[in-house]
Amino acid sequence: MFVYVIRRLLTAIPTLFVIVTLAFFLIRIAPGGPFNQERGLSPEIKANLEAQFGLGDPLWLQYVNYLKNLLHGNFGPSYNLPDFTVTELFAKGLPISIQLGFSALALALFIGGILGIVAALNQNKAGDYSVIALATAGSTIPTFVIAPVIQLLFGLTWKLLPIGGWGDGALINKIGPILTLSLPQIAIVARLMRGSMIESLRSNHIRTARALGLSDWSVVVKHALRGAVLPIVSYAGPAAAALLTGSIIVETIFAIPGVGRYFVDAALNRDYTLVMGTVVVIALFTIAFNLIVDILYAFFDPRVRYD
Amino acid sequence: MTDTAITAPVVGRSLWGDAWARLKANKAAMFSLFYLIAMSVVCIVGPYFVPHQYTTIYADYVRTPPSFSAYPKPEMIETAMNDAVRRMRVDVKEWRQEDERVFITVTSAKPLDARNIRYLDRSDTFDNAKLESTSADGLSAVMSATIKQQYFFFGTDNTGRDLLSRTLMAGRISLAIGLLAGIVAVVIGVVYGATAGFMGGKTDEVMMRIVDVLYSLPFIFFVIMLVVFFGRNFVLMFLAVGAVLWLDMARIVRGQALSIRRQEYVQAAEALGVRSRGIVQRHVIPNLLGPVVIYMTLLVPQVIILESFLSFLGLGVQEPMTSWGVLISAGAKNIGTANWLLLFPAFFLVSTLFALNFIGDGLRDALDPKDR
């Protein structure tokens with residue numbers, strides 16, 4: 001197992017390298033630059049700024065320098081927020097996004113899982129149909145509709161929650177964003193759980209367990225669930241990577257100072273270092289969670305062995 | 001001797017006929033199909049029947065709530081009249097309303113200009129202004145004007161544009177983008193996937209590695225880069241969105257092509273000496289069509305969501321042109337004061353997405369019954 005993890009981490013290096021290279025050159029090919037503002041800077045100042053950040057160097061040299069800095073864990077300064085380095089920006093925003101994303105994922109796995117099991121145990125009955133209806137709604141209604149509707153209902157009509165803002169991390173400020181983030185996930189998890197649970201309940205070892213007279217609870221939770229969680233584990237990996245690195249829509253609508261907006265704003269302002277930083281962070285999260293999924297797989301399914 | 005009943009020869013049903021029969025039995029899918037057709041017709045034809053242009057700004061009707069009764073409401077007449085009279089730089093002495101017309105007596109320190117009544121005509125509330133009489137010294141006059149009856153079933157937006165006509169125009173754009181970008185994605189995906197699947201070997205390997213690499217880049221990175229490259233051009237948006245979504249299609253088609261090639265009926269055809277062109281026409285294309293049609297119906301809502309998402313970020317369709325995403329984005333910013341700006345476009349978008357998803361699910365059940 002240990003060897004396997006090491007090997008996986010080593011194969012992640014070329015993947016990361018390809019992604020960094022591709023992103024670096026793609027954003028550089030895009031017309032415009034970080035200092036092309038509408039109120040144009042005077043040419044001297046622009047030249048000075050570009051010299052300071054080494055933007056006048058040939059592209060290959062900039063690329064080599066960037067890679068060198070990256071290997072030292074230095075993401076460089078942000079061009080458009082000149083008082084901050086990219087590392088500082090992430091140190092500020094990432095904990096916020098992770099908190100929201102992690103809570104949403106935990107909520108989705110818990111509620112979605114229970115709903116899926118309930119639906120599977122009542123297959124083709126009222127309970128099943130209501131879970132399916134909920135899941136269809138949750139996966140069809142886009143986030144940018146759910147978020148303002150939550151604001152409208154809970155914030156303005158019932159006045160239960162603040163409409164937006166982070167409020168230094170007060171719990172009440174987190175409820176709206178977490179709810180918005182988790183609803184689509186609950187829908188997907190419930191649907192996956194329902195499908196895999198139905199399949200799991202049909203398998204031979206469950207029939208044996210029932211024949212042995214085990215209680216329903218024991219059959220479902222101890223025996224059927226273990227086989228049924230596998231599809232959810234493999235879904236939850238990429239979903240976690242996406243959730244923890246922030247949602248543009250949710251963070252914009254609820255005015256949350258997370259990292260979700262960094263990418264779009266940086267790409268539009270040609271804030272090269274921040275774009276690259278975001279790409280690297282997202283890639284790292286994706287690689288890490290894919291690895292975690294594979295390890296968890298071995299834990300849940302003893303037939304999977306990594307030697 | 002008895003007559004034998006003449007029976008028509010038994011006609012077998014084609015697989016497509018079977019699929020259609022299965023689809024017809026699916027109530028949710030059929031209802032969705034009719035709903036979608038109705039929605040398309042309303043969005044295409046509707047704007048011609050709404051008396052307001054989607055770009056016309058009614059300064060007197062900024063953020064008016066939706067209502068089935070005609071505007072102006074009684075209490076709005078006085079405000080609108082005062083606005084118009086203020087522009088004439090005269091004072092209202094008294095005014096009264098008789099049926100559909102208002103009569104306004106105005107006074108001024110300077111002699112009144114008869115052309116002043118044009119300010120009443122220019123207002124969105126009045127029409128057919130007339131100068132009824134002028135006093136002998138020319139310092140006071142009676143004007144009259146018809147009250148223009150207007151209907152805003154969906155209310156108006158922040159600048160006083162009719163939301164009904166905007167929602168319908170937005171529907172045209174969103175549906176058109178969904179369809180066109182969907183077609184672009186399907187064409188690229190099918191050509192790429194089919195090529196990889198049929199060439200096989202090294203070519204397949206290289207082509208699919210490229211797809212893998214593109215997959216590993218954050219999806220939003222791609223979209224933003226395309227927007228950055230192509231600018232905020234409307235037609236290029238179709239292409240950009242379509243160009244991003246072809247990856248899944250390519251994988252599906254390649255897998256399908258590979259599996260069809262190994263099917264026994266294809267081997268049989270090869271053994272019988274059918275040329276590869278014939279095999280492609282007779283066996284491969286009909287078998288590919290099912291998954292492609294299913295994927296396409298599920299792709300269209302994805303494209304509509306993606307377009308709305310981009311518009312939400314301000315990267316999509318630009319004003320005064322509009323799409324459901326643009327309207328919802330404006331609505332989300334005004335939920336405190338004008339929630340209809342969110343609710344109507346959101347209802348149109350969400351109901352269309354539901355319909356498309358039900359049709360997609362229905363088609364999957366109809367065309368691929370083993371997956372039920």
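The values are calculated or read from the model by the stated rules, or taken from the named source; none is laboratory data. What you are looking at is a predicted structure, and each value in this text was computed from that prediction instead of being measured. Neighbour counts are summed over all protein chains in view; Cβ atoms, including those assigned to glycine, are modelled from backbone coordinates with ideal geometry.
Key figures for this structure:
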| quantity | calculated |
| --- | --- |
| Residue in region B:230-241 that is crowded, with 16+ Cβ neighbours inside 10 Å, away from chain A (no Cβ under 14 Å), in contact (Cβ under 8 Å) with a residue 24 or more places away in the chain and not aliphatic (A, V, I, L, M) present | yes |
| Check on B:Gly278, in a helix (DSSP H, G or I), closer than 30 Å to A:Val145 by Cβ, small (Gly, Ala, Ser) and more than 14 Å from every other protein chain (Cβ to nearest Cβ) | no |
| Candidates B:Leu343, B:Leu353, B:Leu289, B:Leu315 - the one that is over 26 Å from A:Val264 (Cα atoms), within 9 Å of another protein chain (Cβ to nearest Cβ) and of a type in the set (A, V, I, L, M) | B:Leu343 |
| Residue match in region A:186-209 (condition: at pLDDT 90 or above, touching a Gly at 6+ places or on another chain (Cβ under 8 Å) and under 29 Å from B:Trp340 (Cβ atoms)) | yes |
| Every residue from region B:316-363 that is buried (at least 20 other Cβ atoms within 10 Å of the Cβ), assigned to a loop (DSSP other than H, G, I, E, B) and hydrophobic (A, V, I, L, M, F, W, C) | B:Val317, B:Ile335, B:Ala338 |
| All helices (runs of 4 or more DSSP H) inside region A:1-101 with 1 or more residues being in contact (Cβ under 8 Å) with a residue 40 or more places away in the chain and away from chain B (no Cβ under 14 Å) | A:2-29, A:59-71 |
| The listed residue being exposed (fewer than 14 other Cβ atoms within 10 Å of the Cβ) and at pLDDT below 85, out of B:Ala59, B:Ala25 | B:Ala59 |
| Whichever residue in region B:319-340 is among the hydroxyl-bearing types (Ser, Thr, Tyr) and away from chain A (no Cβ under 11 Å) and, among such residues, is nearest to B:Ala21 (Cα to Cα) | B:Ser323 |
| Verdict on A:Val233 being within 26 Å of A:Ala288 (Cβ to Cβ), of a type in the set (Val, Ile, Thr) and either over 16 Å from the mean Cα position of the chain (by Cα) or modelled with pLDDT under 85 (or both) | no |
| Count - residues of region B:311-339 that are farther than 24 Å from B:Leu36 by Cβ and either of a type in the set (D, E, K, R) or touching a helix residue (DSSP H, G or I) at 6+ places or on another chain (Cβ under 7 Å) (or both) | 10 |
| Residue check for A:Val145: within 14 Å of another protein chain (Cβ to nearest Cβ) and crowded, with 22+ Cβ neighbours inside 10 Å | yes |
| Total residues in region A:107-163, condition within 25 Å of B:Ala332 (Cβ to Cβ), part of a helix (DSSP H, G or I) and charged (D, E, K, R) | 0 |
| Filter result for the condition that a residue is at pLDDT below 85, among the hydroxyl-bearing types (Ser, Thr, Tyr) and on the phi < 0 side of the Ramachandran plot, over B:Ser133, B:Ser174, B:Ser165 | B:Ser133 |
| Condition check for B:Arg115: out of contact with any helix residue (DSSP H, G or I) (no Cβ under 7 Å at 6 or more places or on another chain), more than 30 Å from B:Ala338 (Cβ to Cβ), modelled with pLDDT of 80 or more and charged (D, E, K, R) | no |
| All helices (runs of 4 or more DSSP H) inside region B:15-103 with 2 or more residues being within 27 Å of B:Asn128 (Cβ to Cβ) | B:27-49, B:74-88 |
| Scan of region B:253-275 for residues that are free of Cβ contacts under 8 Å to residues at least 12 places away in the same chain and either in a loop (DSSP other than H, G, I, E, B) or closer than 22 Å to B:Met207 by Cβ (or both), ordered by number | B:Ser259, B:Arg262, B:Leu272, B:Gly273, B:Val274, B:Arg275 |
| B:Phe198 at pLDDT 85 or above and either touching a Cys at 6+ places or on another chain (Cβ under 6 Å) or more than 20 Å from B:Ile305 (Cβ to Cβ) (or both) | no |
| Every pair of residues 6+ apart whose Cβ atoms lie under 6 Å, when the first sits in region B:318-340 and is farther than 18 Å from B:Phe234 by Cα while the second is part of a loop (DSSP other than H, G, I, E, B) and at pLDDT below 85 | B:Ala338/B:Arg63 |
| Residues that are within 14 Å of chain B (Cβ to nearest Cβ), assigned to a helix (DSSP H, G or I) and either among the small types (Gly, Ala, Ser) or over 27 Å from B:Phe309 (Cα atoms) (or both), drawn from region A:238-259 | A:Ala239, A:Ala241, A:Ala242 |
| Filter result (surrounded by fewer than 18 Cβ atoms within 10 Å (Cβ to Cβ) and either closer than 12 Å to A:Thr180 by Cβ or within 13 Å of another protein chain (Cβ to nearest Cβ) (or both)) within region A:152-163 | A:Leu153, A:Phe154, A:Leu156, A:Thr157, A:Lys159 |
| Any chance B:Gln281 is polar (S, T, N, Q) and either closer than 21 Å to A:Thr140 by Cα or without any contact (Cβ under 8 Å) to a residue 40 or more places away in the chain (or both) | yes |
| Region B:93-116 - residue that is of a type in the set (A, V, I, L, M) and crowded, with 17+ Cβ neighbours inside 10 Å and, of those, farthest from B:Thr134 (Cα to Cα) | B:Val102 |
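Quick grid of which residues meet (1) closer than 20 Å to B:Leu36 by Cβ; (2) surrounded by fewer than 20 Cβ atoms within 10 Å (Cβ to Cβ); (3) assigned by TED's automatic domain parsing to the domain that holds B:Tyr215:
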site	(1), (2), (3)
B:Val253	no, no, yes
B:Ile260	no, no, yes
B:Gln263	no, yes, yes
B:Gly273	no, yes, yes
B:Leu289	no, yes, yes
B:Val300	yes, no, yes
B:Ile305	yes, no, yes
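Per-residue answers, yes or no, for (1) among the hydrophobic types (A, V, I, L, M, F, W, C); (2) on the phi < 0 side of the Ramachandran plot:
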residue	(1), (2)
A:Ala47	yes, yes
A:Gln62	no, yes
A:Leu70	yes, yes
A:Gly76	no, no
A:Leu94	yes, yes
